[in-house]
Amino acid sequence: MAIAKRTDLGAPAPFEYAPAPEATDHVTIAPKYDLFIGGRFVRAHSRRRFPTVNPATEEVLSEVAEADEADVDRAVTAAGDAFRTWSGLPAARRARYVFRLSRLIQERARELAVVETMDGGKPIKESRDVDVPLAAAHFFYYAGWADKLEWAFPNRRPRPLGVAGQVIPWNFPLLMLAWKVAPALAAGNTVVLKPAETTPLTAMLFADICQQAELPPGVVNIVTGAGATGALVTGHPAVRKVAFTGSTEVGKLIQRQVAGTGKRLTLELGGKAANVVFDDAPLDQAVEGIVNGIYFNQGHVCCAGSRLLVQESIVGPLLEKLKQRLGTLRLGDPLDKNTDVGAINSPQQLRKIEGLVNSGVEEGAELFQPACRLPERGYWFPPTLFTNVAQSSRIAREEIFGPVLSVLTFRTPDEAVEKANNTPYGLAAGVWTEKGSRILWMSERMRAGVVWANTYNRFDPTSPFGGYKESGFGREGGLQGLLPYVELAR
Ligand code: NDP
């Protein structure tokens with residue numbers, strides 16, 4: 001897919017790259033996948049299936065089972081039965097199983113990366129270098145905690161809760177699975193997980209990995225389906241703990257659903273993060289951070305730095321550099337190792353992005369898109385930036401979840417804080433400045449679960465991640481990520 005690059009911005013002409021497609025011949029995607037319940041693949045009671053599609057080609061990759069109420073009940077029962085033995089195992093043995101899952105993810109990394117890219121549309125260099133290694137690292141990290149829970153919570157007796165019902169989104173399918181499953185198992189719980197409708201395939205490979213690891217049957221159960229299946233998982237009366245990552249709208253529904261049931265709940269929801277650049281920031285480094293902050297994974301990132309706040313004195317030079325950089329991004333085949341911007345995950349998401357971008361134009365913001373030819377098949381949206389954005393504009397307030405950046409300006413640090421916090425969300429933020437004292441001053445004042453300084457979108461299993469306000473509550477990652485999965489007795 002040849003992409004014509006814009007060269008009229010005063011930038012040097014970008015390099016031309018020969019195609020460098022990742023091989024797919026080492027990957028087998030089954031034409032059909034069943035549910036993974038009690039350690040086996042079983043046919044859905046519903047007998048219904050739905051297709052999962054490669055968003056870069058619109059090709060149907062596989063037909064996946066759709067779990068109904070009876071299926072979810074079977075999965076929760078299997079998890080409940082397994083809980084008795086799993087929670088009673090010596091902790092060091094549980095640790096060994098979790099460690100084995102990590103090693104198997106590493107061994108099968110190439111296969112997992114290719115399937116993740118085919119099913120979700122993200123560039124192979126991201127699934128290969130970010131999603132899969134981080135997923136393995138999460139299992140590795142929590143395997144380390146499994147037999148040290150008494151040290152994690154000194155003078156308390158941590159006990160597992162029971163069956164965890166976990167629902168995950170389509171933007172980081174395997175990584176979100178790891179964030180959910182690893183701490184739950186390490187703490188002695190069993191799980192029923194529902195992957196997103198558009199990206200179930202790496203969860204199916206993970207089910208295979210559970211078999212390969214000889215994980216006791218029922219410790220991990222995977223039920224595929226749409227939102228209705230998710231609601232059956234989170235609503236099941238025998239589920240003791242609900243963990244959800246997805247939209248704020250569905251998060252609120254789940255919060256209502258579990259209210260009064262005594263179930264533990266963590267919600268990791270949407271965001272509209274501010275990436276704040278001061279006039280003393282190293283501009284070239286900041287430009288890379290801004291690009292990584294919003295165009296990584298086509299902007300399908302809950303903590304995406306989708307609002308750029310630039311100090312007024314440097315807005316001209318910064319935008320010039322940023323626009324030049326956008327002209328060098330390579331959009332196209334996600335399986336090509338040189339691709340920077342892959343496919344939009346689904347036609348629904350593409351429509352949502354297009355609708356919000358149109359609203360930005362209608363509201364008077366100025367649109368910039370580098371010239372780039374979009375492939376004929378599949379779902380695509382070019383990297384986009386808006387200037388002249390009003391604080392009240394929809395593109396400055398609503399989560400677009402696409403490769404769209406809104407640029408706003410500020411004059412003083414106080415104004416930057418005021419604008420950064422002027423959102424119902426509070427998941428992440430970025431600060432670019434050479435002054436350490438200013439980084440601390442800003443991070444104390446910005447209402448965001450994570451504040452990155454002179455970098456963006458950095459993840460590590462030892463760091464807790466989670467939101468304030470409508471971005472949800474509870475933390476995943478780090479020691480804090482164990483807390484939602486244990487009861488602390490004295
Ligand atoms: P959803 O919140 O609808 O989906 C997240 C997960 O929840 C999916 O597995 C989904 O199933 C499931 N689900 C849907 N409805 C329910 C329900 N009532 N009870 C339990 N589970 C349910 O996100 P969408 O995929 O619809 O994306 C919509 C918007 O959400 C995006 O545009 C984006 O703004 C935001 N989003 C934010 C994410 C984040 O990480 N914060 C992640 C994903 C989306 P199914 O896949 O079948 O719909």
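The values are calculated or read from the model by the stated rules, or taken from the named source; none is laboratory data. Owing to the predicted nature of the structure, the values given are computational and were not obtained by experimental measurement. Cβ sites come from the backbone with ideal geometry, for glycine too, and all protein chains shown count toward neighbours. In case anyone asks, the SASA skips ligands and DNA or RNA and just uses the protein heavy atoms, side chains included. Shrake-Rupley method; radii C 1.70, N 1.55, O 1.52, S 1.80 Å.
Report the net charge of residues surrounding Phe244, where surrounding means a beta-carbon distance below 13 angstrom and charges are Lys +1, Arg +1, Asp -1, Glu -1. That sum, taken over residues with Cβ under 13 Å, equals +4. The distance separating the Cα centre of segment 410-446 from that of segment 26-93 comes to 43 Å. The amide H of Gly225, built 1.01 Å from its N in the peptide plane, has Ala67 as neighbours under 5 Å, considering only residues 5 or more places off or on other chains.
Taken along the Cα-to-beta-carbon direction at a fixed 7 Å, the label points for Gln480 and Asn422 span 2.7 nm.
Bridging of Lys194 to lysines at a Cα separation below 28 Å is possible for Lys32, Lys122, Lys125, Lys180, Lys241, Lys252, Lys263, Lys272, Lys352, Lys469, once same-chain residues fewer than 8 apart are set aside. Using a probe of 1.4 Å on the protein chains alone, the accessible area found for Arg103 is around 110 Å².
Taking every DSSP beta bridge that has both residues in segment 274-453, what percent is antiparallel when rounded to the nearest 5? Beta bridges within segment 274-453, antiparallel portion: roughly 10 percent.
Excluding ligands, DNA and RNA, the accessible surface per residue across segment 130-243 is 26 Å² with a 1.4 Å probe. The simple spin-label model puts a point 7 Å past each Cα toward its Cβ; for Phe15 and Arg43 those points are separated by 5.3 nm. Considering only alpha-carbon pairs that sit under 8 angstrom and 6 or more positions apart, the relative contact order computed for the chain is 19 percent. Judged by the mean number of other Cβ atoms found within 10 Å, the most tightly packed of the peptides 17-28, 261-272 leads the ranking 261-272, 17-28.
The gain in end-to-end length when the Lys337 to Lys435 segment is fully stretched comes to 31.6 nm, 0.36 nm per residue minus the alpha carbon separation.
Computed over protein heavy atoms with a 1.4 angstrom probe, the accessible surface ordering of Phe15, Phe99, largest first, is Phe15, Phe99. Rounded to 0.05, the FRET efficiency of the Glu376 and Glu288 pair, given R0 = 41 Å and the Cβ-Cβ distance, is 0.85. Accessible area per residue was computed with a 1.4 Å probe on protein heavy atoms; Phe401 scores about 30 Å². Taking all protein chains as shown and a probe of 1.4 angstrom, Thr455 keeps an accessible surface of around 30 Å².
For the chain, with all protein chains in place and a probe radius of 1.4 Å, 51% of the accessible heavy-atom surface sits on carbon or sulfur. Label segment 224-346 by shape, choosing from rounded, prolate and oblate, from the square roots a ≥ b ≥ c of the eigenvalues of the Cα gyration tensor; if a/c is under 1.5 it is rounded, and otherwise prolate applies when a/b is larger than b/c, oblate when it is not. Because a/c hits 1.5 or more and a/b fails to exceed b/c, segment 224-346 counts as oblate. Relative to the longest principal axis of the Cα atoms of the chain, helix 69-88 runs at roughly 70 degrees.
Residues in segment 24-35 carry Karplus couplings, in order, of 10, 6, 8, 10, 10, 9, 5, x, 9, 10, 9, 7 Hz; the curve used is 6.51 cos²θ - 1.76 cosθ + 1.60 with θ = phi - 60°, and Gly or Pro positions show x. Take the Kirkwood radius over Cα pairs of segment 274-453, plug it into Stokes-Einstein at 37 °C and 0.692 mPa s, and you get 200 µm²/s for translational diffusion. Across segment 357-363, coupling constants 3J(HN,Hα) worked out from phi with the 6.51/-1.76/1.60 Karplus curve, θ = phi - 60°, read 5, 4, 5, x, 5, 4, 7 Hz, and Gly and Pro carry x. Shown in residue order for segment 338-354 are the 3J(HN,Hα) couplings computed by the Karplus curve 6.51 cos²θ - 1.76 cosθ + 1.60 at θ = phi - 60°: 8, 6, 9, 10, x, 8, 6, 4, 7, x, 4, 5, 4, 4, 5, 5, 4 Hz (x for Gly and Pro).
Were the residues from Arg110 through Glu63 laid out at 0.36 nm apart, the gain over their Cα-Cα distance would be 14.7 nm.
Using only alpha carbon pairs under 8 Å that are at least six residues apart, calculate the relative contact order of segment 274-453 and give it in whole percent. Rounded, it is 29 percent for segment 274-453. The calculated pair-distance distribution of the chain uses every alpha carbon pair, bins of 20 angstrom beginning at 0, and gives 24, 56, 20, 0 percent. Placing unit charges on the Cβ atoms only, positive for Lys and Arg and negative for Asp and Glu, gives the chain a dipole magnitude near 1680 debye about its Cα centre. Note on exposure: Glu476, Glu487 ranked by accessible area (1.4 Å probe, complete protein assembly) read Glu487, Glu476, with the most exposed listed first. Averaged over residues, the count of other Cβ atoms within 10 Å places the peptides 432-438, 337-343 in the sequence 337-343, 432-438, highest first. Normalised by the number of residues in segment 344-449, the average gap of Cα pairs under 8 Å and 6 or more apart makes the relative contact order 21 percent. Across the protein chains, with a 1.4 Å probe defining accessible surface, the residues Asp73, Asp336 rank Asp73, Asp336 from largest area downward.
In this simple spin-label model, placing a label point 7 Å from the Cα along the Cα-to-Cβ direction at both Asp208 and Phe50 gives a separation of 2.3 nm.
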